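Peer 1: This structure is in structure tokens; I'll ask about it shortly.
Coordinate-derived values only; no laboratory data. In this text the structure is predicted, and so the values were computed from the model without any measurement. Heads up, the Cβs are rebuilt from the backbone with ideal geometry, glycines too, and the neighbour counts pull from every protein chain shown.
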Amino acid sequence: MRGSALARPAVAGALAGFILTAWHGHRDDSDLPPQVREVWAEKFAPRRARGGGQSNVDVAILDASGKVVRWFDSLEHTAGRMELRGDRVEQYWMRMLSEARTALELPAATATGTTVRLPVLQQGAGVRVFAWLEDPGMPAYAAPTVEIVPTKDEDWRVFTAPENATKIDAAAAMPWLQHVYPAGVMERTDQRTKYPFTIARVEGELGLEPAGTKDGETFALLTGKVTLFDTGGDGFCFRGDLTAVLTWRNGGAVPASLRGVFEGTYPRTGPQGRRELPMRAAFESLAAVQAK
Amino acid sequence: MRLAFVCFCLCLAAIPAAAQSAAAQRALDLFHRTRPTDDDLGMYRMDWEPTLAKALERSKAEQRPVCLVIIHAKYGDLYSGHC
């Protein structure tokens with residue numbers, strides 16, 4: 001959905017004026033919001049039989065008082081199958097949202113979504129991490145995850161402006177490297193808890209070398225091969241090259257900025273056998289939106 | 001002649017620093033080529049609120065409707081994408 005319906009400018013335009021949010025859980029959860037309870041009461045009603053079944057994601061449109069005005073399955077089902085083609089998904093969502101806007105007595109959508117507003121930090125400093133997997137068989141993985149990682153000065157203690165080329169344990173980059181893993185890879189999910197495995201540790205040696213100065217800023221290049229192990233406990237790992245530029249201002253001990261890239265591969269085993277798929281990430285340091 | 005020789009030596013001294021900065025520039029170019037573009041981040045064109053509770057609070061205060069994505073799953077963070 002992040003890479004299909006919700007990524008379409010026309011859909012963003014149709015949702016102009018709406019506040020978007022998401023909720024996840026199971027039917028037996030004790031704290032089901034009333035809106036979810038209402039949708040699922042109808043979705044899972046025994047008599048409700050729709051050709052092609054139903055997906056596990058629904059969209060509920062609520063008015064300003066929180067009342068469910070209408071809801072729809074996130075995917076259209078026709079002739080016994082789910083419609084996954086991007087243009088058909090967009091047409092379906094536009095039809096559903098047009099009906100929702102009418103029900104809410106909103107004017108027809110005319111705009112397409114405009115400015116991208118990424119997650120930000122409300123206080124302190126940190127790193128924004130984008131990560132994505134390039135699997136031709138699953139285009140959804142190509143939609144980047146976006147994680148905001150608050151950091152403290154002590155997380156950067158090892159990263160001081162070098163006078164000469166030096167070596168750093170890649171584990172020092174764990175606060176931000178740990179978010180480099182793909183979304184929704186089913187085979188890397190704990191079958192008991194249903195939670196995906198996350199990154200347990202990072203191994204490797206990084207080189208940090210001076211890279212000049214400019215306008216009062218000191219530059220250094222951080223490079224090296226890293227191996228990321230997940231929490232699956234079976235030795236599963238994937239590898240890649242980290243390339244990043246750090247800067248320091250006015251002789252500060254903590255880097256003023258980080259801009260970097262991870263380029264690696266992620267192994268997946270399926271009917272086609274084992275494949276090494278491109279795994280990518282980008283890192284950019286952040287300062288708080290508002291100083292506290 | 002002596003001045004030309006001094007200038008030549010100063011230029012030689014400057015070359016290593018310029019080469020190091022070029023390496024940093026290449027790394028920054030790689031970052032700018034790799035970082036997702038607005039087209040890749042289309043879902044962030046919308047007004048997101050990470051939790052339903054906060055979305056309902058704002059909805060009432062601002063008199064705006066809510067689009068609630070309900071995911072039938074134990075785990076999922078649609079906003080960050082790790083789901």
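Peer 1: Any idea what the relative contact order of the range A:167-245 is, in percent, if you count C-alpha pairs under 8 Å spaced at least 6 apart?
Peer 2: So the answer I get is 27 percent.
Peer 1: In chain A, what is the count of Lys pairs whose alpha carbons are under 29 Å apart, counting only pairs at least 8 residues apart or on separate chains?
Peer 2: Taking the Cα cut-off of 29 Å, the pair count is 9.
Peer 1: Relative to the first principal axis of the alpha-carbon coordinates of chain A, what is the inclination of helix A:34-43, with its axis defined by its Cα atoms, in degrees from 0 to 90 and to the nearest 10?
Peer 2: Tilt relative to chain A: about 60 degrees.
Peer 1: Right, something else. Can you tell me the length gained on complete extension of the stretch residue A:45 to residue A:81, counting 0.36 nm per residue apart and subtracting the Cα distance?
Peer 2: In short, 11.0 nm is gained.
Peer 1: If you don't mind, there's one more thing I want to ask. Return the loop-located GluC sites (Glu not before Pro) in the range A:102-196 (DSSP other than H, G, I, E, B) with at most 15 other Cβ atoms within 10 Å of their own Cβ; answer none if there are none.
Peer 2: Details: sites: A:105, A:134, A:147, A:154, A:163, A:187; in loops: A:105, A:134, A:163.
Sites meeting the loop and neighbour criteria: A:105, A:134, A:163.
Peer 1: Which net charge results when you count Lys and Arg as +1 and Asp and Glu as -1 among the other residues whose beta-carbon is under 12 Å from that of residue A:239?
Peer 2: Value of the local net charge: -3.
Peer 1: With +1 assigned to the C-beta of every Lys and Arg and -1 to the C-beta of every Asp and Glu, and no other charges, what is the dipole magnitude of chain A about the Cα centre in debye, to the nearest 20?
Peer 2: Details: 34 positive and 35 negative charges, 150 e Å.
For chain A, the charge dipole is close to 720 debye.
Peer 1: If we count every other residue with Cβ under 12 angstrom of residue A:19's Cβ, Lys/Arg +1 and Asp/Glu -1, where does the sum land?
Peer 2: It works out to a net charge of -1.
Peer 1: Given only helices, namely DSSP H runs of n ≥ 4 each adding -39500 (n - 2.57), what is the per-residue ellipticity at 222 nm of chain A, to the nearest 500 deg cm²/dmol?
Peer 2: One gets -3500 deg cm²/dmol as the mean residue ellipticity at 222 nm.
Peer 1: If you take all C-alpha pairs in the range A:1-130, what percent of them are over 24 Å apart? Provide the component values of the computation, followed by the final result.
Peer 2: On the way: 3269 of 8385 pairs.
In whole percent, the share of Cα-Cα pairs in the range A:1-130 beyond 24 Å is 39.
Peer 1: DSSP loop chymotrypsin sites (Phe, Trp or Tyr not before Pro) in the range A:208-292 with at most 16 other Cβ atoms within 10 Å of their Cβ, which ones? Don't jump to the answer; show the numbers that get you there.
Peer 2: Details: sites: A:219, A:229, A:236, A:238, A:248, A:262, A:283; in loops: A:236.
Sites meeting the loop and neighbour criteria: A:236.
Peer 1: If you don't mind, another one. I'm checking a number: the convex hull volume of the Cα atoms of chain A, normalised per residue, in Å³. What is it?
Peer 2: Cα convex hull per residue, to the nearest whole number: 189 Å³.
Peer 1: I would also like to ask the following. I want to check the label-to-label distance for residue B:37 and residue A:194. Put each point 7 Å from Cα in the C-beta direction and report it in nm to one decimal.
Peer 2: Each label point is offset 7 Å from its Cα along the Cβ direction, giving 3.8 nm.
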